Amino acid sequence: MNIDEMKTEIGRLKKEKNAIILAHNYQLPEVQDIADFTGDSLELARKAASITEPVIVFCGVYFMAETAAILNPDKKVLIPDMQAGCPLADFATLKQVREWKKVYLDHVFVAYVNTHAETKAEIDICCTSGNAEKVINSIDSDKIVFLPDKNLGDYIRRKTGKPMVLWEGFCVVHEKADFDSIMEAKAMYPEALVMAHPECPRRVLDIADEVCSTGQMFGAVERHPEVRQFIVVTECGMVHALSKRFPDREFIAPEKQMRCANMKKITLPKVLDSLKYGQFEVKIDPVIAEKAKRSIVKMLEIK
Ligand code: SF4
């Protein structure tokens with residue numbers, strides 16, 4: 001089957017199974033193109049909370065599909081490849097979180113959504129890169145532990161001025177954002193605006209014009225109608241997502257591209273098989289799911 005035939009078959013199966021396809025902005029271009037809805041973690045979590053279709057095919061990494069399943073316990077949530085994990089989520093194990101809770105007894109624990117369900121079940125509130133500042137500002141305490149991304153935590157700590165204790169985790173893709181490649185791109189495109197994701201290290205964020213989640217990058221482009229070129233410092237899938245929405249602008253990835261191997265595990269043939277065979281269903285212990293849901297819902301309630 002060629003790509004067009006696969007896309008037609010996916011469309012047919014989607015109707016037959018009454019399914020909806022959600023895809024993260026870091027997915028392969030052809031996967032983004034067959035999705036009913038694309039977005040960042042926050043947008044996908046909000047969308048997942050409002051879905052009416054009985055089957056959700058989640059094109060993203062496992063913790064995202066897990067979040068959709070937690071918010072939709074009566075629906076079938078499928079992920080086309082069970083091996084699409086997130087190394088950042090692996091930084092905060094249940095054992096370590098429990099140990100930290102014994103040390104930081106009177107602290108509010110805030111976890112980035114890039115965590116496993118069992119970790120979400122232990123903490124007080126979740127956040128995404130799109131709402132982390134609002135979530136931290138909503139907390140009526142100066143005793144906060146932020147996990148697992150140290151770069152996002154450092155950025156939010158600087159923005160809010162709150163003395164947060166940071167976990168030592170990082171995204172393996174954003175941590176390697178290459179300072180020299182960005183400077184070269186800036187020299188080559190002197191009129192371009194640099195947009196960087198807050199999972200990047202501080203020295204990269206310090207040379208960015210806009211620090212934003214992938215969802216906020218769309219807003220940043222809209223806010224700058226006079227700018228024609230943008231240097232995009234995040235996972236390379238975002239260049240496709242932005243180019244689709246703004247075909248009259250140019251989006252440039254720094255020469256040393258950032259590519260998440262886990263996001264790219266979801267391919268069209270796997271999406272097709274997922275719909276055809278109902279694979280692979282995300283199942284979570286109901287007790288853990290119920291506890292994890294509290295910290296996700298608390299986050300979604302912050303507008
Ligand atoms: S880009 Fe980073 S945070 Fe996102 S899924 Fe890949 S490893 Fe995890």
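The values are calculated or read from the model by the stated rules, or taken from the named source; none is laboratory data. All values derive from a computational prediction rather than experimental measurement. With ligands, DNA and RNA removed, areas are computed over all heavy atoms of the protein, side chains included. Shrake-Rupley method; radii C 1.70, N 1.55, O 1.52, S 1.80 Å.
A few remarks follow.
- Apportionment of accessible area to carbon and sulfur, the chain, percent (1.4 Å): 50
- Residues with amide H under 5 Å from that of Leu193, placed H, sequence gap 5 or more: Gln229, Phe230, Ile231
- Cα-Cα over 26 Å, subset of Lys244/Lys293; Lys47/Lys186; Lys143/Lys293; Lys15/Lys270: Lys244/Lys293; Lys47/Lys186
- Helical mean residue ellipticity (222 nm; -39500 (n - 2.57) per DSSP H run of 4+; nearest 500) of the chain: -12000 deg cm²/dmol
- Rolling a 1.4 Å probe over the protein heavy atoms gives the chain an accessible area of 44 Å² per residue.
- Just so you know, the Cα atoms of the range 15-91 work out to an Rg and Dmax of 11.6, 39 Å.
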